[in-house]
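> Mind looking over this structure? Questions follow.
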Amino acid sequence: MEWQTAAAMGAAGALLFEAVILFGKISEWQAARKTVRRARRRRRLPPLRDYVDPCPDVLVGLFRCGLGAAAGWLFHSQITTVYAAAVIGVAAPSLIQNLGATKAVRNAIQGGAPAPVGSVPGPSTGEASPAPSNGEMGPAIRNDTVSDVPAGTQQEQEVTE
């Protein structure tokens with residue numbers, strides 16, 4: 001998909017998400033008004049401003065649209081349909097946050113050396129270790145590191161080598 005289309009649909013998906021949030025707030029306001037009207041003792045009807053704060057809500061909506069457009073642009077080579085681009089826009093804040101949290105991206109931003117090609121994360125340290133080759137299964141899993149037996153109970157282990 002072209003990056004312009006993906007970015008526009010990402011922004012549209014983000015805008016749709018904000019519209020759903022606004023609908024939820026207005027629905028809460030409507031329910032609160034109905035509750036007050038049904039009460040035996042009349043009270044003041046709750047104002048809309050108790051449920052919607054226009055300035056921050058618009059600002060959040062604009063930022064979400066920007067993130068949706070950025071995510072659409074960023075993932076445009078993987079996006080194949082308009083629906084997928086809109087979903088990318090809805091999920092943009094989480095996608096971009098998780099993308100920035102990956103070790104490869106952090107290393108690239110901070111100037112660290114990338115992991116060697118053909119390496120996989122190690123079992124417990126998160127460090128890169130050489131990938132197994134020639135159909136090997138890699139290092140054996142140690143039985144003493146993880147146990148599905150509750151603490152304080154005995155477990156017999158059979159070790160074979």
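> Return the distance in nm (one decimal) between the two label points of a simple spin-label model at residue 80 and residue 33, each offset 7 Å from Cα along Cα→Cβ.
4.6 nm
> For the stretch 1-47, what class follows from the C-alpha gyration tensor (a ≥ b ≥ c being the square roots of its eigenvalues): rounded when a/c is under 1.5, otherwise prolate if a/b is larger than b/c, else oblate? Don't jump to the answer; show the numbers that get you there.
Values: a/c = 10.97, a/b = 6.18, b/c = 1.78.
Taking the square roots of the gyration eigenvalues as a ≥ b ≥ c, the stretch 1-47 is prolate.
> So, R0 is 41 Å and r is the distance between the beta-carbons of residue 45 and residue 98; what FRET efficiency does that work out to, to 0.05?
Working: r = 43 Å, r/R0 = 1.04.
E between residue 45 and residue 98, to the nearest 0.05, is 0.45.
> With labels modelled as points extended 7 Å from the Cα through the Cβ direction, what inter-label distance (nm, one decimal) is found for residue 25 paired with residue 53?
0.9 nm
> Give me the dipole magnitude in Debye, nearest 20, for the stretch 1-85 about the Cα centre, with unit charges on the beta carbon: positive for Lys and Arg, negative for Asp and Glu. Spell out each step's value before the answer.
Working: 12 positive and 6 negative charges, 259 e Å.
Its charge dipole is roughly 1240 debye.
> Still on this structure, please answer the following. How much accessible area per residue does the stretch 1-115 have, in Å², with a 1.4 Å probe? Numbers along the way, then the final one.
On the way: 8100 Å² over 115 residues.
Accessible area per residue: 70 Å².
> May I ask which residue of 52, 65, 83 lies farthest towards the positive end of the charge dipole of the stretch 14-86, with charges of +1 (Lys, Arg) and -1 (Asp, Glu) on Cβ and the Cα centre as origin?
52
> Can you pull the percent of the stretch 1-102's accessible area that's carbon plus sulfur, 1.4 Å probe, other chains left in place?
Details: 4640 of 7020 Å².
Its accessible area is 66 percent carbon and sulfur atoms.
> Taking all protein chains together and a probe of 1.4 Å, list 25, 103 from the most accessible to the least accessible.
103, 25
The values are calculated or read from the model by the stated rules, or taken from the named source; none is laboratory data. In this text the structure is predicted, and so the values were computed from the model without any measurement. Positions of Cβ are generated from backbone atoms using ideal geometry, with glycine treated the same way; all protein chains shown enter the neighbour counts. Ligands, DNA and RNA are stripped out before the accessible areas are found, and what is left, the full protein with its side chains, is counted by its heavy atoms. Shrake-Rupley method; radii C 1.70, N 1.55, O 1.52, S 1.80 Å.
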